[in-house]
Every structure is written in C-alpha cells, then in structure tokens.
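Participant: One structure, pasted below without further comment.
The values are calculated or read from the model by the stated rules, or taken from the named source; none is laboratory data. Model, not experiment: these values are computed from the prediction. Cβ coordinates were reconstructed from backbone atoms using ideal geometry, including for glycine residues, and neighbour counts include every protein chain displayed.
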C-alpha cells in the first residue's frame, strides 16, 4: 500500500519529541502543476510584450525564461519558505532539522531537478520519493531538505528578538533543534529559569547569556 504522507520524528537532548509531517508525492505533484501554470502564464504575458521588440525583446525573453525556470522556486523558497503552488497545497520546504531553508540548499535541490526529471515527468524523482520514507526526491537527498506541511514548519519560523550570532562550533541536528526550542519557549518561562538554561550553553551569565543563545537560534532560524 502506498504511503502518501509520513511523519519525521526526532528527540532533542531535553527528551522532547519533535515531529514534522512530511508531504507525499500527490500533494507535491499538485503543487508542481500549480507552480508550472503560474510560471507559464507569466511567460506567456512576457512573450506578448517582449517578442515583438525584435532582438532586444527576444534576448530579454530568453533571460526571463531561464530565470523563471531555475530561480523562481529558489527565490520563493528562501524568502517565504514555499512557492505559490506549495503554499496553495499547505506545504513548505525546510532543512532536515526543521530550520528554514537557505540559499545553498535551495539552489542544490532545484538545480538537481534536471536529474529528477529523467527519464520523463520526474520519473527518477517519483521513484526516489516512493522508496524513501521521508518522500525525498534526489534533489532533497543531496540538499538535506524536506517538504513538509506548513503548520509543522511554522515552529522553526519563530521571531527571535536578538541579533544573529554565528555558532562558535558545529552542532548536531538535535542540538540545533534544542536551541530553536529554547528560543520558542523562552517567552513563556520565568526570566530566572530562562537565564539558568541559557547559562548551561553560554559562558556568559544573566541576560547576556540569554541574548547570546537567542542569537545562535536566530542565526539557525535564518537558514545560516
């Protein structure tokens, strides 16, 4: 029996189970159809305006064709976390650890669509999604990304009131999720408890420790 959707669950060092509801092939295919219709509608309008302008118009149209085909999804994924088609289907793209997708991952997953498309109509991509429990096409496997339902992605999109700070050392996926979890819950905890938790991570003390840890979380939340 075909499993259309599944749940990606992992545990933070605090023992908290976090889940992302992964989208299966059907909603992703419908989102792709919607995005394709949007792209080609825009290109049709541009062709009516530009092609009559001789060589300059043709050259401009070819540039727009290239940008719409390859960078339309990248721009929307990085700035909004989802393309218009995915948004209509309630989907979003995130890193494997649930953090918002960044430029490198989005570029990788979208440039590799040409491989997923083989031999026809995303044949390899569909096969990859069917045999992978997280419904990843080849581009997702290479980029370390997931397509999930948007309500699961909002958790990692919490507004963090702190200046972004680069992590001093690499963190495991579970540790990154723990930082984001701390940032989301910090406003609901007593200030003393927040400082106590922050001091476990930071070498600083008091409010300075809180700002440092929140800064790390914001850096993660911005997709690096």
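Participant: Looking only at segment 72-87, decide whether some residue is surrounded by fewer than 17 Cβ atoms within 10 Å (Cβ to Cβ) and more than 30 Å from residue 177 (Cβ to Cβ).
Facilitator: No: segment 72-87 contains no residue that is surrounded by fewer than 17 Cβ atoms within 10 Å (Cβ to Cβ) and more than 30 Å from residue 177 (Cβ to Cβ).
Participant: Going by the structure shown, is residue 61 touching a helix residue (DSSP H, G or I) at 6+ places or on another chain (Cβ under 9 Å), at pLDDT below 95 and in a helix (DSSP H, G or I)?
Facilitator: Yes.
Participant: For residue 121, indicate whether it is at pLDDT below 90, over 30 Å from residue 176 (Cα atoms), in a loop (DSSP other than H, G, I, E, B) and out of contact with any strand residue (DSSP E or B) (no Cβ under 7 Å at 6 or more places or on another chain).
Facilitator: yes
Participant: Still on this model: Those residues that are surrounded by 16 or more Cβ atoms within 10 Å (Cβ to Cβ) and either farther than 19 Å from residue 73 by Cβ or touching a residue at least 40 places away in the same chain (Cβ under 8 Å) (or both), I need them from segment 127-141; list them, please.
Facilitator: Those that are surrounded by 16 or more Cβ atoms within 10 Å (Cβ to Cβ) and either farther than 19 Å from residue 73 by Cβ or touching a residue at least 40 places away in the same chain (Cβ under 8 Å) (or both): 129, 134, 135.
Participant: Among the residues of segment 215-224, is any in contact with a helix residue (DSSP H, G or I) (Cβ under 6 Å, 6 or more places away or on another chain), at pLDDT 80 or above and either closer than 22 Å to residue 78 by Cβ or buried (at least 20 other Cβ atoms within 10 Å of the Cβ) (or both)?
Facilitator: Scanning segment 215-224 turns up at least one residue that is in contact with a helix residue (DSSP H, G or I) (Cβ under 6 Å, 6 or more places away or on another chain), at pLDDT 80 or above and either closer than 22 Å to residue 78 by Cβ or buried (at least 20 other Cβ atoms within 10 Å of the Cβ) (or both).
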